[in-house]
Structures are given as C-alpha cells and as structure tokens.
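In what follows, a structure is listed as structure tokens, so that the remarks can point back to it.
The values are calculated or read from the model by the stated rules, or taken from the named source; none is laboratory data. Since we're looking at a predicted model, the values are computed, not measured. Here the Cβ positions follow ideal geometry from the backbone for every residue, glycine too, while neighbour counts run over all protein chains shown.
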Amino acid sequence: MRKNKGFFITGTDTGVGKTYVASGLISAMIKKGLTVSPFKPVESGCRMRKGELIPSDTVSLMKVSHIQESINTINPYRLKHALAPSVAAEIENVRINKKTILSAFKRLADRYDITIVEGAGGLMVPVYRKYLVIDIAKDLNLPIIIVSRPGLGTINHTLLTIEAAQQRGLHVLGVIINYAEPAKKGLSEKTNPEVIERLSRIPVLAVIPFSKNTEKGGTEGIFKGIVEKLIKREHLSGAN
Ligand SMILES: Nc1ncnc2c1ncn2[C@@H]1O[C@H](COP(=O)(O)OP(=O)(O)OP(=O)(O)O)[C@@H](O)[C@H]1O
Ligand SMILES: [Mg+2]
C-alpha cells in the first residue's frame, strides 16, 4: 500500500475537536521521529490584533509542530467572520483560489515527511463558489480521518460524512470519536463505536476522553496508539 504524505483531518461538524486531534497526531508523529507540518488552507473566525488577523487554529498547530515556516504557507487564507469560508470571503472581498492552496501544500509536502491538514467545519463546507472542503481533500490526494462526536446523532453525521467522502473517491482511513466536552457515558456513547464500524466498515481508530491535558497522564498515549495503528496498517512509515 502507498505510504501517505499526509492526512486530511475532517469532522462531522465544527467544534468537534479537529484541531485537538490534529495537534495530538502531530505530537505523536514527531515522537516517532517524523518531520511533520500542519496545513490549514482556510481559517475563518480570526480575531483582529494590531491590524492583523490571528488564525488561532493555525497558531496552535504551528506551536505543537515546532516548525519555522511562514504563516502564509501554513495558512494561505485568513478570514474575520466566523462563517463558511466562501461566505466570509465574499463579505471581506477576499478571492480564494485553489492554485494558492495547492502550491502552499506542495511546498510543505516537498519538505516534510507528513503534512496534517485541517479542513474548515465539515466536508461539504463551501470554500469559494462551488468548491468545497471535500474538493480540497480530493485535490490534495490525501486520505481522510473523521473526527466525530460521541453521543446521540453521531451515527447519522458520521455515516453521511463517510458516504460523501467515498462517493467522491476519497479514502477514509478511520473515525476518531472525541469528547470535546465533558459528557457522561450513556447508552448511545457506549454503543455508537460498534454501530459505526458495523454499518460503515470503517474502523473507529480511538475514542478520546475529555482531557485538558494532552501530555503524559492525559491523551498522549491514545494518540501514540493511533499513530502505531496507522503504521501497522501501512498508512504511515515510522522513522524509528
Ligand atoms: N478531548 C478533548 N478534551 C478536552 N478538550 C477538548 C477535547 N477535544 C476538543 N477539546 C476542546 O474543545 C474545543 C473545540 O475543539 P477544536 O477547536 O479542536 O474543534 P474543531 O473541530 O477544530 O473546531 P473548528 O471547526 O472551529 O476548527 C476546543 O476548546 C478544544 O480545546
Ligand atoms: Mg479547528
């Protein structure tokens, strides 16, 4: 099987934990001896500081990856409004084009073993005109990992996301169920992973508990386990 140059982290929705998961995966891959860069093609909802837009996801992804790259390469487009990128871009008179996104990605893919891409919102979010987040994943030719909520409603959202991805010929590597909020484990949380696997035939790579601490004693070990699974299934080659 072809070893991947990167992974596209998407979610069933906004706020599900894509940045949290991407950060955990970046740290775990670096610990395996790989060079890893994040890539956030478009970030909306950026706050303004001293006349500049601050993309908080990009900033935190760059922090965990310890790389010295220009922020414009890691995040070619920043938008102020917390809206779908195409809508925010129209209001802000920003012209998004895919050439800029693809060439920034290529620069990273040429320099790093792995590039971890975080989409914006879910797969069917418009980036400009009819170009969607799912089209970025397709154009970058990356397999996807879906971050899902744990509770009621997630079977539907996760299966819809898998089906949309597969219909466009994307390779879905797995689902990561993430507790972005503290929640007690009810019957749906307990049964959802197995139901999602059975109906989609896509593996649930991990269930990540709510934990502010991503280091030792937190979720670090879980991310290490996910990376080891990716290596074992030959989606990734470990450097050591
Ligand atoms: N397992 C977890 N334990 C504790 N906090 C978490 C966990 N997962 C996510 N969070 C927190 O939940 C919030 C939403 O997560 P995150 O920003 O990663 O979501 P997202 O899918 O990237 O959102 P967006 O669509 O805005 O990019 C953040 O404050 C994050 O720190
Ligand atoms: Mg995010």
field: Members of the range 33-50 that are part of a strand (DSSP E or B), within 16 Å of ligand 2 (Cβ to nearest atom) and either modelled with pLDDT under 95 or among the charged types (D, E, K, R) (or both)
entry: Glu43, Arg47
- prompt: Pro182 versus (1) within 12 Å of ligand 1 (Cβ to nearest atom); (2) over 17 Å from the mean Cα position of the chain (by Cα); (3) touching a residue at least 60 places away in the same chain (Cβ under 8 Å): which is the lone unmet condition?
  reply: (3)
- request: Look through Leu53, Leu79, Leu83, Leu61 and report the one residue that is buried (at least 20 other Cβ atoms within 10 Å of the Cβ), more than 13 Å from ligand 2 (Cβ to nearest atom) and at pLDDT 95 or above.
  value: Leu79
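Quick one: which strands (runs of 3 or more DSSP E) sit completely within the range 51-143 and have at least 2 residues that are away from ligand 1 (no atom under 16 Å from the Cβ) and touching a residue at least 40 places away in the same chain (Cβ under 8 Å)? Explain how you work it out, then say what you get.
Values: elements: 52-54, 114-118, 126-128.
The strands (runs of 3 or more DSSP E) meeting that bar are 114-118.
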message: So for the range 20-32 (the condition being modelled with pLDDT of 95 or more and over 23 Å from Thr219 (Cβ atoms)), does at least one residue qualify?
response: no
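With respect to Ile9, determine if the residue is over 29 Å from Lys232 (Cα atoms) and either modelled with pLDDT of 95 or more or within 16 Å of ligand 1 (Cβ to nearest atom) (or both).
On the way: over 29 Å from Lys232 (Cα atoms): no; either modelled with pLDDT of 95 or more or within 16 Å of ligand 1 (Cβ to nearest atom) (or both): yes.
For Ile9, the condition - over 29 Å from Lys232 (Cα atoms) and either modelled with pLDDT of 95 or more or within 16 Å of ligand 1 (Cβ to nearest atom) (or both) - is not met.
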- request: For the range 28-44, indicate whether the set of residues that are crowded, with 17+ Cβ neighbours inside 10 Å, within 11 Å of ligand 1 (Cβ to nearest atom) and within 25 Å of Ser237 (Cα to Cα) is non-empty.
  value: yes
- request: Looking only at the range 174-186, decide whether some residue is surrounded by fewer than 20 Cβ atoms within 10 Å (Cβ to Cβ), among the basic types (Lys, Arg) and under 18 Å from Ile9 (Cα atoms).
  value: no
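Of the residues that sit in the range 15-27 and are assigned to a loop (DSSP other than H, G, I, E, B) and under 11 Å from the mean Cα position of the chain (by Cα), which one is surrounded by the most Cβ atoms within 10 Å (Cβ to Cβ)? Don't jump to the end; show me each part of the working.
Kept after step one, since they are assigned to a loop (DSSP other than H, G, I, E, B), are these residues of the range 15-27: 15-17.
If we keep only those that are under 11 Å from the mean Cα position of the chain (by Cα) as well, we get 16-17.
On the way: Val16: 24, Gly17: 22.
Looking at the filtered set, the residue picked out is Val16.
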query: If Val16 satisfies every condition in (1) of a type in the set (Val, Ile, Thr); (2) in contact (Cβ under 8 Å) with a residue 60 or more places away in the chain; (3) farther than 24 Å from Tyr131 by Cα but one, which is the exception?
result: (3)
field: Verdict on Gly169 being within 29 Å of Gly238 (Cβ to Cβ), surrounded by 15 or more Cβ atoms within 10 Å (Cβ to Cβ) and more than 16 Å from ligand 1 (Cβ to nearest atom)
entry: no
- request: Given the conditions (1) more than 29 Å from Ile155 (Cα to Cα); (2) within 15 Å of ligand 1 (Cβ to nearest atom); (3) surrounded by 18 or more Cβ atoms within 10 Å (Cβ to Cβ), report the number of the one that Arg47 does not fulfil.
  value: (3)
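To keep it simple, each residue is scored yes or no on (1) touching a strand residue (DSSP E or B) at 6+ places or on another chain (Cβ under 6 Å); (2) closer than 20 Å to Leu25 by Cα.
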position	(1), (2)
Leu152	no, no
Leu160	no, no
Ile177	yes, yes
Ala183	no, no
Asn192	no, no
Glu197	yes, no
Leu205	yes, yes
Phe210	no, yes
Gly218	no, yes
Options Glu228, Glu189: the member that is more than 24 Å from Ile116 (Cα to Cα) and surrounded by 13 or more Cβ atoms within 10 Å (Cβ to Cβ): Glu189
